[in-house]
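Asks: After the structure tokens below, expect a handful of questions from me.
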Amino acid sequence: VNSLPSSEKAKLEIANSIWFKDSESFKANKDFLQTNADYYGAEIYKSAFDESTLNDINSWVSKNTDGMIKKIYDEIDPDSVMFLINALVFDAEWEKKYTDKNTWERTFTSVTGEERTVEFMHSSEYKYIQGKNVNGFIKNYKGGKYSFVALLPDKNVSIYRYIESLSAESIAKLLDNVYSNEVEAAIPKFESDYSIILNDILSDLGMSSAFASGSADFSKLGHSDVGNLFISEVVHKTFISVDENGTKAAAVTGSDVSCEDDSNTVTITLDRPFVYMIIDNETNLPIFIGAVTDINN
């Protein structure tokens, strides 16, 4: 986190906050709060967990995502005693912005086969990705610290099948094997938001006991006289906008405790479902990763 660069033209900021209930029956562990403040820069709030707390949490989310995500919660459950919230915001200009001359309409075919008329941004890029069942390219943001990665599966490969094949190892291999080759690239302008409850996904990854009131052990987080502490819900929301100027993206997560020859030009038009990433160039690690399966104007 400390090594991730941030500047006026390529902003990346991470924020954390902990909200705990001002109640006689719940005592937050002071060491837990201090550790999160020291190591994660977490802001700590003791609150009544009423309507004003709900407004304060949603205002914090909006502020720390530059208004891209307006709120994370619609209500506070009476059993809730603590919220742990993480926010991430990314706002960067392209190294070379697009103009009207290289932006024109083309057809994008959705995952269901429907055709959409969409504005595409055209440019020549020089970082070419070629892997099993996929081609792609990398486009830098201003300052060269971050890049946009586009991965277009072969026409006979389902976007969902390709996503299922992705792993930390396969992504690292792709990004470590970038070829210097001209790419005539076309990126559709798109905007997307997404929301999901992560309980089932996290349980499948091995966190099942965290969501079970009988087996969860959060004793180092705090103590409640009412009953055992457990995570009742993990909410994740994201937003991304890609246009001529650059990319704006935000994410918030809330845990509720209740090769081709150099001389050959490759053409890659993202006119069907594709995977995208925003990566930190120093580590080649994705900060955001998603897929475009449809574009609605």
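The values are calculated or read from the model by the stated rules, or taken from the named source; none is laboratory data. From a predicted model like this one, the values you see are computed outputs, not experimental measurements. Neighbour counts are summed over all protein chains in view; Cβ atoms, including those assigned to glycine, are modelled from backbone coordinates with ideal geometry. The protein model used for the area step is the full one, side chains on, heavy atoms only, and it has no ligands, DNA or RNA in it. Shrake-Rupley method; radii C 1.70, N 1.55, O 1.52, S 1.80 Å.
Asks: Of all the residues that make up region 73-88, how many are at pLDDT 95 or above and of a type in the set (Val, Ile, Thr)?
Replies: Adding up the residues that qualify gives 1.
Asks: Which residues, counting only those in region 221-244, are within 15 Å of Ile278 (Cβ to Cβ), open to solvent by 10 Å² or more (accessible area, probe 1.4 Å) and not charged (D, E, K, R)?
Replies: Hits for region 221-244 are Thr238, Phe239, Ser241.
Asks: Kindly indicate which of Ala42, Ala10 is at pLDDT below 95, under 25 Å from the mean Cα position of the chain (by Cα), of a type in the set (A, V, I, L, M, F, W, C) and buried (at least 18 other Cβ atoms within 10 Å of the Cβ).
Replies: Only one candidate passes the filter, namely Ala10.
Asks: Of the conditions (1) touching a helix residue (DSSP H, G or I) at 6+ places or on another chain (Cβ under 8 Å); (2) of a type in the set (Val, Ile, Thr); (3) open to solvent by 10 Å² or more (accessible area, probe 1.4 Å), Ile85 satisfies every one except a single condition; which number is it?
Replies: (3)
Asks: Which residue out of Asp200, Asp280, Asp256, Asp217 is surrounded by fewer than 19 Cβ atoms within 10 Å (Cβ to Cβ) and under 20 Å from Ala87 (Cβ atoms)? Before you say what the answer is, go through the steps one by one.
Replies: Details: Asp200 fails: under 20 Å from Ala87 (Cβ atoms); Asp256 fails: surrounded by fewer than 19 Cβ atoms within 10 Å (Cβ to Cβ); Asp217 fails: under 20 Å from Ala87 (Cβ atoms).
Selected residue: Asp280, the only one of Asp200, Asp280, Asp256, Asp217 that is surrounded by fewer than 19 Cβ atoms within 10 Å (Cβ to Cβ) and under 20 Å from Ala87 (Cβ atoms).
Asks: Also, quick follow-up: Limited to region 80-100, what total is found for residues that are among the hydrophobic types (A, V, I, L, M, F, W, C) and either in contact with a Lys or Arg (Cβ under 9 Å, 6 or more places away or on another chain) or over 30 Å from Thr53 (Cβ atoms) (or both)?
Replies: Result for region 80-100: 7.
Asks: I would also like to ask the following. If only one of Lys27, Lys21 is surrounded by 13 or more Cβ atoms within 10 Å (Cβ to Cβ), among the charged types (D, E, K, R) and out of contact with any helix residue (DSSP H, G or I) (no Cβ under 9 Å at 6 or more places or on another chain), which one is it?
Replies: Just one listed residue meets the conditions, Lys27.
Asks: While we're here: Scan Asn177, Asn181 and give me the residue that is surrounded by 18 or more Cβ atoms within 10 Å (Cβ to Cβ), more than 23 Å from the chain's Cα centre (by Cα) and at pLDDT below 95.
Replies: Step by step, each of Asn177, Asn181 is checked, and only Asn181 is surrounded by 18 or more Cβ atoms within 10 Å (Cβ to Cβ), more than 23 Å from the chain's Cα centre (by Cα) and at pLDDT below 95.
Asks: Mind listing just one residue for me: the one in region 279-297 that is closer than 21 Å to Lys189 by Cβ and in a loop (DSSP other than H, G, I, E, B) and, of those, nearest to the chain's Cα centre (by Cα)?
Replies: Among residues in region 279-297 that are closer than 21 Å to Lys189 by Cβ and in a loop (DSSP other than H, G, I, E, B), the one nearest to the chain's Cα centre (by Cα) is Thr293.
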